[in-house]
Amino acid sequence: MQARILLVEDEVNMARTLAKNLERAGHAVEHAPHGEAALARLGEASFDVVLTDLKMPVMDGMALLRAMHERRLPPAVVVLTGYGTIESAVEAMKLGAADYLIKDAGPQEILFTIERVLKLDALKRENVRLRGEIGRLHGFGELIGEGAPMKGIYRVINTVAGNKSTVLVSGESGTGKELVARTIHERGALAAHPFVAINCAGLSETLLDSQLFGHRRGAFTGAVHDHDGVFRAAEGGTLFLDEVAEIPLSLQAKFLRAVEQREVTPLGASLPVAVDVRLIAASNRDLEGEVRAGRFRQDLYYRLNVVHLALPPLRARPEDIPLLVEHFLQRFSREYQVAPKRLAAEAMERLRAYAWPGNVRELQNAIERAFALAVADTITLDDLPAAVRGLPSPDAPAVDPSDVPTLEEAERRLFAAALRKSGGNKNEAARLLGIDRQRLYRKIEKYGL
């Protein structure tokens with residue numbers, strides 16, 4: 001198996017001898033005199049293996065390994081040194097070295113090690129490919145899950161993808177409502193046309209009016225150009241309206257007309273403009289409850305609720321957690337360009353037991369954090385967030401019952417708790433606290449949350 005090898009060695013005679021032996025075996029060899037030169041070359045060209053000395057000037061082998069680990073550079077590393085110790089071997093392996101040899105190893109032993117590392121690397125790449133294929137068999141596009149709740153969702157998506165019915169997607173924050181909307185769009189006849197998404201939360205009424213329906217120049221202060229709005233931007237395709245319950249009641253009549261008549265009147269215009277879009281709306285609130293409370297128009301609710309898709313929370317489908325974990329491990333392996341990591345059994349058990357208030361989004365964040373922090377190829381329980389492990393959060397320290405916190409400290413804890421419960425979703429956190437998103441952002445900045 002031929003390979004491109006970067007040889008990092010400061011001793012010229014040793015480098016010449018090693019390069020000659022490797023080239024006789026059919027490998028292509030480039031030489032760098034120290035770690036700094038090796039890093040520069042790794043940024044310019046691709047290599048299959050880095051064979052590096054440990055003791056070198058400028059930048060030694062350990063520093064090179066650390067830099068490669070931090071930058072997630074893909075070549076396998078074999079450490080070769082005349083100063084072999086158990087401690088340095090362990091450190092090198094922790095930093096990602098595939099093997100460790102001393103300089104008096106014979107040429108055949110070095111060649112055998114290189115061949116073994118290459119075969120192992122090829123197996124890892126094939127494993128990534130096969131695990132990706134398996135992941136696709138357990139999902140529906142980018143949607144992952146094979147339990148009964150998700151299979152029911154897939155059946156409805158398949159059906160509505162073939163028409164232009166208005167769809168209402170409901171579910172807690174982080175359950176994948178926009179992903180469902182994109183899947184409907186991409187599987188239907190409108191896939192070649194625009195998919196435009198807008199979050200209706202956190203915008204003033206005038207700004208939301210402008211974002212939805214457009215405006216004419218001079219319609220309000222700061223309107224220096226005409227703006228089409230998302231209804232017209234999605235012409236011929238799909239318009240996804242997230243957090244639709246956040247549309248102010250005073251704007252809902254105008255929105256209802258756009259839904260019913262498929263025409264919009266931009267701010268500052270006197271005549272409506274016809275639009276041809278498919279509408280998919282989503283909310284993490286109970287819209288029927290909002291109607292009863294007088295915060296959402298009943299006629300608008302009926303117009304949006306033509307086909308209803310209720311997404312289950314992650315805690316209702318724990319059988320899908322291993323599939324989702326595998327999916328995210330593969331994704332981050334590709335993004336970071338490193339070999340895939342696996343999850344220890346006790347870590348998976350804890351993931352399945354956790355309630356996931358932030359649903360799939362919180363699980364994705366937890367896996368990405370563990371993937372980034374885990375030094376070894378196996379993610380352990382200690383790599384998971386404290387909340388998932390069942391430990392007290394650093395944002396909510398234990399307090400003596402007799403110790404009354406200051407108002408500022410109590411507020412900080414309240415905002416931290418809302419962010420935890422929402423799984424980091426700021427729109428949901430603001431809703432839980434009963435404040436607008438701008439105020440939430442100010443508090444996040446103030447308290448460093």
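On average, how much area does the Cα convex hull of segment 407-447 cover when viewed from any direction, in nm²?
If you wrap the Cα atoms of segment 407-447 in a convex hull and average its projections, you get 2.4 nm².
Equivalent ellipsoid semi-axes for segment 217-292, as square roots of 5 times the alpha carbon gyration tensor eigenvalues: give them largest first, rounded to whole Å.
Each semi-axis is √(5λ); the values are 24, 16, 12 Å.
Just how large is the dipole of the chain about the Cα centre, in debye to the nearest 20, putting +1 at every Lys and Arg Cβ and -1 at every Asp and Glu Cβ?
Here the size comes out at about 1260 debye.
Cα convex hull of the chain: mean projected area in nm², to one decimal?
28.9 nm²
In percent, what relative contact order does segment 315-389 have, based on Cα pairs under 8 Å that are 6 or more apart in sequence?
Once normalised by length, the contact order is 37 percent.
Near Thr265, within a Cβ-to-Cβ distance under 12 Å, what is the net charge of the other residues, with Lys and Arg +1 and Asp and Glu -1?
+2
Return the long-range amide H neighbours of Val306 (sequence gap of 5 or more, or a different chain), with a cut-off of under 5 Å between placed amide H atoms.
Long-range HN contacts for Val306: Leu168.
How large is the dipole of segment 407-447 about the Cα centre if only Lys and Arg carry +1 and Asp and Glu carry -1, each at its Cβ, rounded to the nearest 20 debye?
Rounded to the nearest 20 debye, it is 120 debye.
Report ³J(HN,Hα) in whole Hz for each residue of segment 16-32, in order, from the Karplus equation J = 6.51 cos²θ - 1.76 cosθ + 1.60 where θ = phi - 60°; Gly and Pro get x.
Values, residue by residue: 5, 5, 4, 4, 4, 5, 5, 5, 5, 7, x, 8, 8, 10, 10, 10, 10 Hz.
For segment 233-362, report the translational diffusion coefficient in µm²/s to the nearest whole number, using Stokes-Einstein at 10 °C, 1.306 mPa s, and a Kirkwood Rh over Cα pairs.
87 µm²/s
Please find, in a Gaussian network model of the chain (springs between Cα atoms separated by less than 10 Å), the residue of Tyr336, Tyr302, Tyr154 whose mean-square fluctuation is greatest.
Maximum fluctuation in the GNM of the chain, among the listed residues, is at Tyr302.
Given an 8 Å cut-off on Cα distances and at least 6 residues of separation, report the relative contact order of the chain as a percent.
Across the chain, relative contact order equals 13 percent.
Once the mean 1/r over all distinct Cα pairs of segment 315-389 is inverted, what Kirkwood radius in angstroms do you read off?
Every distinct Cα pair counted, the radius reaches 12.2 Å.
State, to one decimal in nm², a quarter of the convex hull surface area for the C-alpha atoms of segment 12-82, i.e. the direction-averaged projected area.
Computed as one quarter of the Cα hull surface, the answer is 4.6 nm².
How many Å³ per residue does the convex hull of the Cα positions in segment 292-442 occupy?
189 Å³
If packing is taken as the mean number of other Cβ atoms within 10 Å per residue, what is the order of 163-170, 358-365, highest first?
Final packing ranking: 358-365, 163-170.
Taking every pair of alpha-carbon atoms in segment 134-281, give the share separated by more than 25 Å as a whole percent.
Percent of Cα pairs beyond 25 Å in segment 134-281: 33.
Working from Cα positions, state the angle (0 to 90°, nearest 10) between the long axis of helix 107-137 and the longest principal axis of the chain.
That works out to roughly 20 degrees.
Taking amide H atoms as placed 1.01 Å from N in the peptide plane, list the residues 5 or more away in sequence, or in a different chain, whose amide H sits under 5 Å from that of Leu267.
For Leu267, whose amide H was placed from the backbone, the distant partners under 5 Å are Gly214, His215, Arg216.
How large is the Kirkwood hydrodynamic radius of segment 4-134, counting all unique pairs of alpha carbons, in Å?
Every distinct Cα pair counted, the radius reaches 14.9 Å.
Using the Cα centre of the chain as origin and beta-carbon charges of +1 (Lys, Arg) and -1 (Asp, Glu), tell me which of Ala28, Val156, Asn13 is placed farthest towards the positive end of the dipole.
Val156
Only four residue types carry charge here, +1 at the Cβ of Lys and Arg and -1 at the Cβ of Asp and Glu. Report the dipole size of segment 315-389 about the Cα centre in Debye, rounded to the nearest 20.
Value, rounded to 20: 160 debye.
Looking at Val338, Thr113, Gly268, which one has the Cα that reaches farthest to the positive end of the dipole of the chain (charges on Cβ: Lys, Arg +1; Asp, Glu -1)?
Gly268
Each reported figure results from applying straightforward, stated rules to the coordinates on display, with no laboratory input. Since this is a predicted model, take the numbers as computed values, not measurements. Ideal geometry is used to build each Cβ from the backbone, glycine not excepted, and the neighbour counts take in all protein chains shown.
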